[in-house]
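Notes follow once the structure below has been shown.
The values are calculated or read from the model by the stated rules, or taken from the named source; none is laboratory data. Keep in mind that this is a model prediction, so the values were computed, not measured. A quick note on method: Cβ atoms are made from the backbone with ideal geometry, for glycine too, and the neighbour counts reach across all protein chains shown. Accessible surface areas use protein heavy atoms only, side chains included; no ligands, DNA or RNA. Shrake-Rupley method; radii C 1.70, N 1.55, O 1.52, S 1.80 Å.
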Amino acid sequence: MAATDLRRVYAFSDTYGRSKNPFIQDDADAIISTDFRSFPCEKVFRQFDIYGREAVTGHMVRMIFQLQKNALQSEYFCKKVQDDFANTVTGIFINAAPRLNKEQNGAPFYVAVSGNIRIVTTDLSCLSAVKEQIETLHYLPNENNRIYSNTEQFRSSYTPHLLYPDHGQELAEAKIDVIPDYPENKWELAYVDRFGNLVTYTKYPDRKWKEVEDALRKDGETAKVIIGNVSQRLIITTSLKDAEPGELVIYKNGDIDILRKWEADEDQYTRLYKSAYFQFAKPEIGMEIKIPKKTVVD
């Protein structure tokens, strides 16, 4: 019997009203990770504004899927906690649906299910990297005549209700194939944390990491990496611990991370304004990351 206890809700919307500056945003990555790793059975409802950085939801979905899997397989939770967690539902709500034409009142809200995870979203691209794990996909027609009319402007105040497994609404079935495939060779900026560290994503991180290592062999001590139109030379290391203070580094951490290690005498403002985020000229989430095919030592 499927779990029905909606215990954790993570809502991402462009309507909540916060700056897109990562230094004054709530760090969703850190907050959600702590929920799963330290308080897996607590009742949670969290809201994160995504206006101007809508592409961040792909990272959030991938991360929650991985955290859910890790919690189910955790060796440090006692059996009671494991059993309780296994009988709960994690809900992800994603809303960003600007009205750009007269044909429809914004994109419909889709409901995707994968095990004990339920996602309600207007943007199917956020499911691209987990497409193979989606079991069912439905959507709420804008002409539904039950929740709201086809002219309702604030649909996102109603539709998180669809996260409940027993929501009682009539949905139309959609083919999972309508979820776009994630590009095989794409490498993008997926997330910026509150310290200005950059988390990147590519479908095959081992393959991309080999390209980074090959660039190091061509260029000597550093590898040139381009985000958007800005390039920087990065030190390749195995972890932040092994980097030298003040270095701008890249290392494999499940995904591939780019960040600057702090120096001991720096204040908090210096640390932020010397961060990888600023050194790459404040790149937008979703920007393409490249390694030049022909590298030249500056």
* Volume per residue that the Cα convex hull of the chain spans, once the total is divided by residue count, Å³ -> 154
* Asked: Taking LYS175 as the anchor, which lysines have their alpha carbon closer than 22 Å to its alpha carbon, excluding any fewer than eight residues away along the same chain?
  -> LYS131
* **Whole-number percent relative contact order across the range 141-249, with pairs defined as alpha carbons under 8 Å at least 6 apart** => 11
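Counting only other residues whose beta carbon sits under 11 Å from that of TYR191, what net charge do I get with K and R as +1, D and E as -1? Don't skip to the end; give the middle numbers.
Numbers: positive: ARG53, ARG62, ARG194; negative: ASP27, ASP29, GLU188, ASP193, ASP255, ASP257.
Counting the neighbours of TYR191, the net charge comes to -3.
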* Structure fact -> Rounded to whole angstrom, the alpha-carbon centroid of the range 29-68 lies from that of the range 243-298 at a distance of 23
* To do: Give me the percent of Cα-Cα pairs in the range 195-298 that sit more than 21 Å apart, rounded to a whole number.
  => 31
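For SER74, SER157, give the ranking by accessible area with the largest first, probe 1.4 Å. Write out the running numbers ahead of the final one.
Numbers: SER74 10, SER157 65 Å².
So the residues, ranked largest to smallest area, are SER157, SER74.
Give me the net charge for the shell around ALA112: Cβ to Cβ below 14 angstrom, other residues only, Lys and Arg +1, Asp and Glu -1.
Net local charge, ALA112 excluded: -1.
How large is the charge dipole for the range 198-298, taken about the Cα centre, if only the Cβ atoms of Lys, Arg (+1) and Asp, Glu (-1) carry charge, to the nearest 20 debye?
Numbers: 18 positive and 18 negative charges, 103 e Å.
For this selection, approximately 500 debye.
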* Could you tell me which of VAL192, TYR204, ILE256 has its Cα farthest along the dipole of the range 185-259 towards the positive end, charges placed at Cβ (Lys, Arg +1; Asp, Glu -1), taken about the Cα centre? => TYR204
* For the chain, size of Cβ-based charge dipole, Lys and Arg +1, Asp and Glu -1, in debye -> 240
* Cross-link partners of LYS252 among lysines (Cα-Cα below 21 Å; sequence separation of 8 or more within a chain) -> LYS69, LYS186, LYS203, LYS208, LYS210, LYS218, LYS224, LYS241, LYS261, LYS290, LYS293
* Structure fact -> Relative contact order as a percentage, the range 192-298, C-alpha pairs under 8 Å and 6+ apart, gives 33
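Counting pairs of alpha carbon atoms under 8 Å apart in space and at least six apart in sequence, what relative contact order in percent does the chain give? Spell out each step's value before the answer.
Numbers: 542 pairs, mean separation 47.8, N = 298.
Taking the mean separation of contacting Cα pairs over the length of the chain, I get 16 percent.
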* Asked: Just going by the charge dipole of the chain, with Lys and Arg at +1 and Asp and Glu at -1 on Cβ, which of PHE39, TYR273, GLN232 is farthest out on the positive end?
  -> GLN232
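Might you tell me the accessible area per residue for the chain, computed with a 1.4 Å probe and given in Å²?
On the way: 15740 Å² over 298 residues.
Per residue, the chain has 53 Å² of solvent-accessible surface.
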